[in-house]
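I have placed the structure first, in the form of structure tokens, so that the comments after it can refer back to it.
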Amino acid sequence: MKYMTSDEIRDTWLNFFKEKGHYIEPSASLIPQNDPTLLWINAGVAALKKYFDGREQPPHRRITNAQKAIRTNDIENVGHTSRHHTFFEMLGNFSIGDYFRNEVIVWASELLTSEKYFGFPKDKLYITYHPTDLDTKNLWIKCGFDESHLIPLSSNFWEVGQGPCGPDTEIYFDRGEKYDPDKVGIDLLKNDLDNDRYIEIWNIVFSQFNAEPGKERKDYKELPQKNIDTGAGLERFACVIQGVDTNFETDLFMPYINFLKEHSDVPYEGKNKYSYQVIADHIRSITFALSDGANFSNEGRGYVLRRLCRRMTRQAQVLHIDSSLLVDLVDEVVDNMKHFYPYLVEKKDRVKKMVDSEIKKFMTVLNDGTKRIEAQLKNCPNGIMDGHIAFMLSDTYGIPLDLTIEISSAHNIKVDEDLYNQLLKEQKEKARKARGERNSFLSQSKDLLEFTEPSEFIYDEINDLKSKVIGLFIDGKRVKELTEEGDVVFSKTTFYAESGGQVSDRGTIKNDDCEADVVSVNKANHKQFMHHVNIAYGSIKEGDEFILRPDYVRRNLIKKNHSAAHLLQKTLQELLSKDIHQEGSFVSEDEMRFDFNYDEKISDDKLSEIEKRMNELILNNLGCKTTIMDKSEALKTGAMALFNEKYDDKVRVVSFEDYSKEFCGGTHVSSSIDIMQFVIESCTSIAAGIKRIVAYTGVKAYEYRKKQEDSLDDMAKLLQVKSRKEIRTKLESLKKNIDELKSNEKALEDKMASLYVDNLRSKKNVVNGITTYSKKFDGLTHDQLLQMVKSLVKEENTAVFIASNGKSKAEFVVGLSLDLTKKYRAGNIVKSLASVLNGSGGGREDIAFGGTQSLANFDAAKNAFEEMFK
């Protein structure tokens, strides 16, 4: 086994699987995209879920990656154990319906043991597998591993709720008796005991079954498409290959620890290691998360980062390190990780400013907070700090709970965390409701009502417009300074405010001392544009000047959809009804929703006609013109206005040559050709007489069409035809074959039923002058039972009771000849028999059906049936 740097380990992994036909998937952002279930990307497969769950077709069936990830569910363990980290990298290889067990185990053996790659000695590798998965065991043996190194463990089965699951196999490296002081040996693995001797370095999951609630694993059905999902922790790989005691001694952490050692008089030994390791771990998470677009804040992932930064700062104090020096650790992280993550270099300066600003804020809280916490300790009888006190310290003074707990603990006082969390939950619920009512609340704000200083919106897409802050607000209350989150009004702005169905712009504002993200823009009471910001670093004061940078790339996507909405309204009037008018709209960078009045159903052919007409208009290169006019003059030109909208005396009219003309304050393309293309995703009724069209434009329209085409290509493969054109013919042929099979099956069922009737007639029973037929069958259909009963009850004085076991439940039927219905009712008889069979049923006077889970009591029911006629 040869020494490798972490960069060499990562490169070796990726290049090996590239040689095996895998696409190297770039490491996804730590901030999940379109997955509200995740706070962070927390596993190698997390960013690929869209392929495994079928939401998207993968461009490549074989994928390998080195995925950065963050987990903070056990943050308290960091530094206390050898292998707990908040930030880590997972090396993986994945097959989405391509290769499976036979290939991946052979490759795993080659990658791990070949001198060309990692060169692990086989006698140092131990492998666990699920006891029922003998195929995996035999494959490892075939690859040259001794059977004594293969350990069956029932825990080797990957399953998380309903959905894909399967057995897995885990590879461990034996670090020897040095890490097994009690000399327990292989029993550590066999009994699944936590230890530092056998280190898991790779897990391979064979995703081949579909987990279903209430079923035993042995009854899980196999998936039609089997997948491979693997994960190998880079930090663990490095620990083993570099021959160090813990992950923290690898080259993934030691550069930061060495930096800290240079600035501390506390040696890196014994219990002091904890503080070094916490800082070394947390700075990695903070640097990567901020580089990927996260911010410090008081909720969600922002609060996680704030907590990590505060923990790091506290441990710097323990090491007698000036907290301002922690900012320089960002340089160390960037330098150490830039080989695989070169984007860190361009993000470095911004990240350093954000970390510096956050540390300074916390030091202010820390210096003041320590005194305030210690002052409250005397109000803690029985060694318990009331949760109300802890919450007051947090809510009023910004003192974090973990700091209160830490200082209180040093004085042998415990904090009532349950009450604190209850109060925090109540506060968050109030805040959530307040956010939902934000616009309504702001419109009633006294400070905003009195704020009349004008703010100008500039439609021109000016890069780096410099503008002055003329107003600052937090929840509608005017303030002199913002340090975290709030609303900013500028004397002039290039940020569009949400209105007319168009979403607001997003972007950034920046000067030499401060940078903030603009997350939304709304209009204040007197139509000033209020920019809701999250401050990355620094603070904002009235009178400050900032460079304004809206995200014009995003706005251009919005413009395509907004202009398409104008053209669509006119097209609907042209092709459906001149009386159509807009009932509402929503225009974003992702889609266009257009609501309109129309009572009739819109056929697929008519939608295709609308879509075709829209694309013709786009290609006609209709120029867009905006004009400011008197409202009365604008109406005379035929410009369309919303019925329920209030307009000023001066209005802005947007025209696409002579085709479309509307009152509109939104942003638009310069020509229809800029829309590129238009596709209707859906047309639905959302209320009586109101329809909604959802559509895409530009590249999104292309992607939508491409996804449909990919589905057709997959269908062509399944149908084994050469092109999409042949799909319809093939489906028609298959339908014809299915219809013929159904017809043949029906004829066969009818024949079988006729034969059963003949058999029954030979075994009739007579009770009190009434001919009865009673028999239990297996596998008869409902129609067969009905056919048999109808055939038998054609004879007078006849009563029939037959039943059949089906695939999931049993069915039974009672039939009476017409003459017997004057005295008996089949429905009543079925209900009576159902009580014997532990089922239910009912029906007409001549024929009635029932159902049950089991026909175990059929003989008793048969006797009860015949007793009814005695």
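The values are calculated or read from the model by the stated rules, or taken from the named source; none is laboratory data. Predicted, not measured: the structure shown is a model, and the values here were computed from it. Glycine also receives a Cβ, built like all others from the backbone with ideal geometry; neighbour counts cover every protein chain displayed. Keep in mind that these areas ignore ligands, DNA and RNA; they rest on the heavy atoms of the full protein, side chains included. Shrake-Rupley method; radii C 1.70, N 1.55, O 1.52, S 1.80 Å.
Tabulated data
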| read-out | value |
| --- | --- |
| Residue, surrounded by the most Cβ atoms within 10 Å (Cβ to Cβ), within the range 417-474, restricted to residues that are among the polar types (S, T, N, Q) and either in a helix (DSSP H, G or I) or modelled with pLDDT of 95 or more (or both) | SER467 |
| Pairs where the first residue, in the range 174-201, is under 20 Å from THR113 (Cβ atoms) and the second is among the polar types (S, T, N, Q) and in a loop (DSSP other than H, G, I, E, B), C-beta under 8 Å, 6+ apart | none |
| Hits in the range 584-614 - residues which are among the small types (Gly, Ala, Ser) and under 18 Å from ALA564 (Cα atoms) | GLY584, SER585, SER588, SER608 |
| Verdict on THR132 being touching a residue at least 24 places away in the same chain (Cβ under 8 Å) and open to solvent by less than 40 Å² (accessible area, probe 1.4 Å) | no |
| Members of the range 540-579 that are part of a loop (DSSP other than H, G, I, E, B) and among the hydrophobic types (A, V, I, L, M, F, W, C) | LEU576 |
| Filter result for GLU645 (open to solvent by 30 Å² or more (accessible area, probe 1.4 Å) and over 40 Å from the mean Cα position of the chain (by Cα)) | no |
| Count of the range 150-181 residues which are out of contact with any strand residue (DSSP E or B) (no Cβ under 9 Å at 6 or more places or on another chain) and buried (at least 16 other Cβ atoms within 10 Å of the Cβ) | 0 |
| Those residues of the range 322-331 which are open to solvent by 10 Å² or more (accessible area, probe 1.4 Å) and either aliphatic (A, V, I, L, M) or touching a residue at least 24 places away in the same chain (Cβ under 8 Å) (or both), in sequence order | ASP322, SER323, SER324, LEU325, VAL327, ASP328 |
| Selection count, the range 614-642, where residues are in contact with a strand residue (DSSP E or B) (Cβ under 8 Å, 6 or more places away or on another chain), open to solvent by 40 Å² or more (accessible area, probe 1.4 Å), part of a loop (DSSP other than H, G, I, E, B) and touching a residue at least 24 places away in the same chain (Cβ under 8 Å) | 3 |
| Any hit, the range 846-857, residues being hydrophobic (A, V, I, L, M, F, W, C), at pLDDT below 95, surrounded by fewer than 16 Cβ atoms within 10 Å (Cβ to Cβ) and under 54 Å from the mean Cα position of the chain (by Cα) | yes |
| Test set (1) open to solvent by less than 50 Å² (accessible area, probe 1.4 Å); (2) assigned to a loop (DSSP other than H, G, I, E, B) - ILE201 fails condition number | (2) |
| Residue under evaluation ASP356, criteria (1) open to solvent by less than 40 Å² (accessible area, probe 1.4 Å); (2) part of a helix (DSSP H, G or I), criterion not met | (1) |
| Residue list for the range 471-505, restricted to those being touching a residue at least 60 places away in the same chain (Cβ under 8 Å) and touching a Pro at 6+ places or on another chain (Cβ under 9 Å) | TYR496 |
| Selected residue [in a helix (DSSP H, G or I) and not aliphatic (A, V, I, L, M)] from SER854, SER835 | SER835 |
| Near pairs, Cβ below 9 angstrom, 6+ apart or cross-chain, from the range 208-225 (small (Gly, Ala, Ser) and in a strand (DSSP E or B)) to any residue that is at pLDDT below 85 and buried (at least 16 other Cβ atoms within 10 Å of the Cβ) | ALA211/PRO164 |
